[in-house]
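I have placed the structure first, in the form of structure tokens, so that the comments after it can refer back to it.
The values are calculated or read from the model by the stated rules, or taken from the named source; none is laboratory data. Keep in mind that what you see is a predicted model, and the values were worked out from it rather than measured. Cβ: placed from backbone, ideal geometry, glycine included. Neighbour counts: every protein chain shown. These area figures cover heavy atoms from the full protein model, side chains too; ligands, DNA and RNA do not enter into them. Shrake-Rupley method; radii C 1.70, N 1.55, O 1.52, S 1.80 Å.
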Amino acid sequence: MSGRIVVLISGTGSNMMALVRAADAGELAARVVAVVSDRPCPGLVAAATAGIPTEVAPPGAHSDRSQWSAALRDRVASYRPDLVVSAGFMRILAPDFVDAFYGRLVNLHPSLLPSFPGAHAVRDALGAGVKVTGTTVHLVDREVDHGPILFQEPVRIHPDDSEASLHERIKAVEHVLVVEACRALLDVREPWPTGA
Ligand code: GRF
């Protein structure tokens, strides 16, 4: 039984590609069935090159945020995902979207939540002078960077780290963790109903 994963991205898509590689290598009994972004981005190009269906769902194409969110929800649902992975998707998911996928909607965040929520988690950890940060995989609820924590891994901060160097080390950990998290979640999920 192969799980169906939709990945939401806004940028590089390195975590999305880690999932694609793991699935291709048979290390994950799943397939990335679509990659959806809110903007054109390098990750979409990488996904398309790998032969994965891609979609851009820009908020500007809709009259308001709730219309955009409903359209995004419907597009994602059309792929019948067992899991929806938000991996660097730089938009807040509205309640209707969260409710539609709750329990199989996960977010990857580059800090040890609840420390350093928000869009600048790596910069904020460096600025706070902490010696250890990390990454979190959590179920998404109606609050931002919030919801039941499923997996976490620490990453040490080096004295000479820049935001970029630290984020690269965090991402290296994320690439392993995101695969482990999806594997574990798909093990406990009921598959998407196939009946009429
Ligand atoms: C990751 O660090 C993730 O935790 C955060 O955004 C970054 C996405 O990186 N939410 P990439 O696009 O997967 O390379």
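Using Cβ point charges alone (K and R +1, D and E -1), the dipole size of the stretch 56-96 about the Cα centre works out to roughly 60 debye. Rounded to whole numbers, the Karplus 3J(HN,Hα) couplings from phi for the stretch 168-181 are 4, 5, 5, 5, 4, 5, 4, 4, 7, 5, 5, 5, 4, 5 Hz, using 6.51 cos²θ - 1.76 cosθ + 1.60 with θ = phi - 60°, and x at Gly and Pro.
For the stretch 46-196, the per residue solvent-accessible surface stands at 51 Å², with DNA, RNA and ligands left out and a 1.4 Å probe. Placing +1 on the Cβ of every Lys and Arg and -1 on the Cβ of every Asp and Glu, with no other charges, gives the stretch 78-192 a dipole of roughly 100 debye about its Cα centre.
Ranked by the mean number of other Cβ atoms within 10 Å of their residues, highest first, the peptides 169-179, 112-122 fall in the order 169-179, 112-122.
Summed over all non-identical Cα pairs, the Kirkwood treatment of the chain gives a radius of 17.0 Å.
How much of the accessible area of the stretch 1-58, in percent, comes from carbon and sulfur atoms when a 1.4 Å probe is used?
Of all accessible area on the stretch 1-58, carbon and sulfur atoms account for 57 percent.
Karplus-derived 3J(HN,Hα) values for the stretch 137-144, using 6.51 cos²θ - 1.76 cosθ + 1.60 with θ = phi - 60°, are 10, 9, 5, 8, 10, 6, 9, 7 Hz; glycine and proline are entered as x. With the charge dipole of the chain set up from +1 on Lys and Arg Cβ and -1 on Asp and Glu Cβ about the Cα centre, the Cα lying farthest toward the positive end among the listed residues Ala121, Gly3, Asn107 is that of Gly3. With all protein chains in place and a 1.4 Å probe, the accessible surface of the stretch 113-176 carries 57 percent carbon and sulfur. Within the stretch 76-125, the ratio Rg/Rh, alpha carbon atoms throughout and Rh by Kirkwood, equals 1.02. Calculated [222 nm] ellipticity per residue, helices only, for the chain: -11500 deg cm²/dmol; basis is -39500 (n - 2.57) per DSSP H run with n ≥ 4, divided by all residues, nearest 500. Only bridges with both residues in the chain count here: give the DSSP antiparallel percent, nearest 5. Approximately 40 percent, going by the DSSP bridge assignments. Taking a ≥ b ≥ c as the square roots of the eigenvalues of the alpha-carbon gyration tensor, the stretch 1-84 is classed oblate because a/c is 1.5 or more while a/b is no larger than b/c.
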